[in-house]
């Protein structure tokens, strides 16, 4: 490992991987990137690098006339395993998947769009550092984190924000993208679709009719992608075992059962997720305050998420930053240099792209267990750590998601 002569947390992180308390992203195991590439290959995209698992998936996806992919935000494998009422989903689990790291919606959805690991596509967290604005952006909302100003107003183009293009524009079969009405016309949604406008649905109840209309109205093989955020929203607000989150799982189960009955063997239904959810107690919520001495050492506010933070440190202050971070939070967070992140291949099997390396900055802090860490000068971060559940980290609860094929 790099960093000879300084304390390194890499051996402890590797020990956690060996013990299974944390899960290492592994391209040799079924994963979310495999699903993206399988969908692309089944849809006629050429020159897609397929693992043996992805190749099997692509062949099975191509067997039927239509393919429907439902991305259920926040549906971890552990959550599905607990929900005995979700019989259709549970009976049709084909495999467990490891999502990408950080196990964050922005990161995972971009891997699903591009078929690339985060090491390549450069979206590194809910808050991603954007060089053009010198700090983090809430990347799915396409806004600067500090004041919610549109990145477009600040001169950032989608091509700069999302340097790897979506595979969706290369599909050789007609595609339909269904998203909640409030995000269907967003910059990120247009990026994800390859430039086409998504169709907005008003509520969960409207998804069945929209999917049926898209399939029944098609006169040739088609691909339909549906993004459903309801479980994630409920889990953040009330916890992953809350009535609302459980009701969201049952609603997805009912949707898949109804679609299976209505569409028959003409359509393959695929359900997966971007991450799971980890319940967080008040005792596991921490804050980077001025008194730690850390904010004064930063070149910009941290990016990433509350469980995985990425730090750009002022020139000449790296040793001071390490010392102060370890003193304040070292018992709750691993601290790695970006070189160590690359050597451990945490963001995927290849080296970090120049964009990814620049966005990660100098250090990454990864929760050792259940802890979350906010940045006190940011109101959004203060509010975020109060959520009942979180994700982005490496625990099995966050990293394992189901792959349902019906």
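The values are calculated or read from the model by the stated rules, or taken from the named source; none is laboratory data. Quick caveat: nothing in here was measured; it's all calculated off a predicted structure. For neighbour counting, all protein chains shown are included, and Cβ atoms are generated from backbone atoms with ideal geometry for every residue, glycine included.
For the reader, a short list of remarks on this structure follows.
- Of the residues screened, residue 321 is one that is touching a strand residue (DSSP E or B) at 6+ places or on another chain (Cβ under 9 Å), outside the structural domain of residue 102 (by TED's automatic domain parsing), surrounded by fewer than 21 Cβ atoms within 10 Å (Cβ to Cβ) and under 21 Å from residue 291 (Cα atoms).
- Criterion applied to 370, 362 was being at pLDDT 95 or above, surrounded by fewer than 21 Cβ atoms within 10 Å (Cβ to Cβ) and within 19 Å of the chain's Cα centre (by Cα), and the one residue passing it is 370.
- Taken together, 211, 249, 231 contain a single residue that is within 18 Å of residue 65 (Cα to Cα) and in contact (Cβ under 8 Å) with a residue 60 or more places away in the chain, which is 211.
- Some residue of segment 185-203 being assigned to a helix (DSSP H, G or I), more than 21 Å from the chain's Cα centre (by Cα) and crowded, with 16+ Cβ neighbours inside 10 Å: no
- If the condition is being more than 20 Å from the chain's Cα centre (by Cα) and either surrounded by 17 or more Cβ atoms within 10 Å (Cβ to Cβ) or in a helix (DSSP H, G or I) (or both), then segment 174-184 contributes 175, 176.
- Hey, residue 265 within 28 Å of residue 228 (Cα to Cα) and at pLDDT below 95 or not: yes
- Residue within segment 118-141 that is crowded, with 23+ Cβ neighbours inside 10 Å and farther than 30 Å from residue 301 by Cβ present: no
- Close pairs from segment 256-282: first surrounded by fewer than 15 Cβ atoms within 10 Å (Cβ to Cβ), partner assigned to a strand (DSSP E or B), Cβ under 7 Å, at least 6 apart: 266/66
- Taking (1) part of a helix (DSSP H, G or I); (2) in contact with a strand residue (DSSP E or B) (Cβ under 7 Å, 6 or more places away or on another chain); (3) buried (at least 21 other Cβ atoms within 10 Å of the Cβ); (4) touching a residue at least 24 places away in the same chain (Cβ under 8 Å) in turn, residue 326 satisfies each apart from (3).
- Residue-level analysis places residue 75 outside the set of residues that are assigned by TED's automatic domain parsing to the domain that holds residue 106, surrounded by 15 or more Cβ atoms within 10 Å (Cβ to Cβ), without any contact (Cβ under 8 Å) to a residue 60 or more places away in the chain and part of a loop (DSSP other than H, G, I, E, B).
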